[in-house]
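Structure, as structure tokens:
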Amino acid sequence: MLNYITTGESHGRYLAAILEGFPSGLPLDMDVINGELRRRQAGYGRGDRQKIEADCVEIIGGVIKKVTTGAPLGFLLSNRDCTLDQMPEIFRPRPGHADLAGALKYGQGIRAVLERSSARETAMRVAVGAVCKLFLKKFNIEIAGHVLQIGHAKLPEETLTVKDIRQGAKGSPVNCVCKKTEAAMIQMIVKARKHGDSLGGKYEIRVSGLPVGLGSYVHYARKLDARLAMLLMGQQSVKAVEIGDGTALAGASGSEAHDEIFHNKARGYHHKTNHAGGIEGGMTNGEDLVARVTMKPISTLARPLASVNMKTGKSEKADFERSDICAVPAGSVIGEALVAYGLADAFLEKFGGDSVADIRHSYEGYLKRVRA
């Protein structure tokens, strides 16, 4: 139902996006949308670029008097650091980056590759996701993300609600709900910076208020977990996506892995555990959706790894571009946006309608049938 595309380079004049398939009748709060962009820029371990840019997106289509019309939504963000035409070409690809494969694939220099493959582009994905969050909130669906791990600093295992995450991570420079773990994460970043290194980690996205039945079991491409995994794997630096207990289920027996089913008049069908992470058979089952995402360390290092000069063929150290030390806190904000987009798409697929009012009519009718 939904489709979006982004365009623009990291140091180009603009970044832009078009979101097609969005319904009419949704008021857009620009303070909320630009607040999400500011969240993406924050986080301990971010580079100097974030001190230059003050991300603020403009809606250039699909909105009249701050309300969506049903036409494609256009987003435009102006870069302050728009020095692309003056930036030098580089010849020594960074291990772990798109540099080498991209330069060979497209037959042009590394500069063009790194400018488009840069995570700067995710600003537009966050803007798109912020609009999707506003839509989902109209149906009492809430999304929150937080950081579980940076380097070896890891949050102890515990089950958190969306409310727990928002309250616990508020004001945290690494978007962590635990002050003790937060301190350990910051210390890991300080150490990595001192040694010219970088760090990865893991974040979690939790969603509450989802109805049963988003996604489908009838065709592999319609399975919601598959769709979310694709969106999240498309985020820069992501190397693994888990739903629910994920890889931990490899060591569990069936009696430990599956969520028993209960029923009462107050809650209807429900589960007392959530090993499945809110998705069974490719469909939401009414419990919180839980996704965990692993990000590798950033591939730009102040102490570069071995590479080859593509101009001379000689072995040299990789080039260095201004970069973050750790982007996992920002990654958790981007993950929220990607999940919001995926869920809004599945929601519109299920309940249809060209306007928010039509969608609500269909949604309430479905809930009435399911509860009965």
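FYI, it's all coordinate maths here, none of it is from the lab. Everything quoted here is computed from the prediction, not taken from an experiment. Here the Cβ is made from the backbone with ideal geometry for all residues, glycine too, and neighbour counts use every protein chain on show.
Annotations
- Tilt relative to the chain, helix 356-371 - C-alpha long axis, 0 to 90 degrees, to 10: 60
- Restricting the GluC sites (Glu not before Pro) of segment 230-275 to loop positions (DSSP other than H, G, I, E, B) with no more than 12 neighbouring Cβ atoms within 10 Å leaves Glu260.
- Computed from backbone phi, the HN-Hα couplings of segment 56-70 come to 8, 8, 10, 8, 10, x, x, 9, 10, 6, 6, 10, 5, 9, x Hz, rounded to whole numbers (Karplus: 6.51 cos²θ - 1.76 cosθ + 1.60, θ = phi - 60°; Gly and Pro given as x).
- In order through segment 207-217: 3J(HN,Hα) via Karplus (6.51 cos²θ - 1.76 cosθ + 1.60), integer Hz, x for Gly, Pro: 10, 10, x, 6, x, 5, x, 6, x, 7, 9
- Each peptide in 194-201, 363-370, 248-255 was scored by the mean count of other Cβ atoms within 10 Å over its residues; highest first, the order is 194-201, 363-370, 248-255.
- Answer label for Cα extents along the principal axes in Å (calculated), chosen among [x] 63, 44, 36; [y] 91, 65, 36; [z] 71, 51, 39: [z]
- Packing around the peptides 126-133, 292-299, 234-241, 112-119, taken as the average count of other Cβ atoms within 10 Å per residue, puts them in this order, highest first: 126-133, 292-299, 112-119, 234-241.
- Shape of segment 142-189, Cα gyration tensor, a/c cut at 1.5: prolate
- Relative to one another, the C-alpha centroids of segment 178-195 and segment 69-142 are positioned 28 Å apart.
- Applying a DSSP loop filter and a limit of 14 other Cβ atoms within 10 Å to the chymotrypsin sites (Phe, Trp or Tyr not before Pro) in segment 164-243 leaves Tyr217.
- Residues Glu260 and Glu58, FRET efficiency given R0 of 56 Å [Cβ-Cβ distance, rounded to 0.05]: 0.65
- Along each principal axis, taking the top coordinate minus the bottom one, the Cα set of segment 52-185 gives 48, 48, 28 Å in descending order.
- Once the Cα atoms are used to define both axes, helix 328-351 deviates from the longest principal axis of the chain by about 40 degrees.
- Converting phi to 3J(HN,Hα) with the Karplus coefficients 6.51, -1.76 and 1.60 and the offset θ = phi - 60°, segment 314-322 yields 8, 6, 8, 6, 4, 6, 10, 10, 3 Hz in sequence order, with x at every glycine or proline.
- Residue-count net charge about Phe22 - beta-carbon cut-off 11 Å; Lys, Arg +1, Asp, Glu -1: -3
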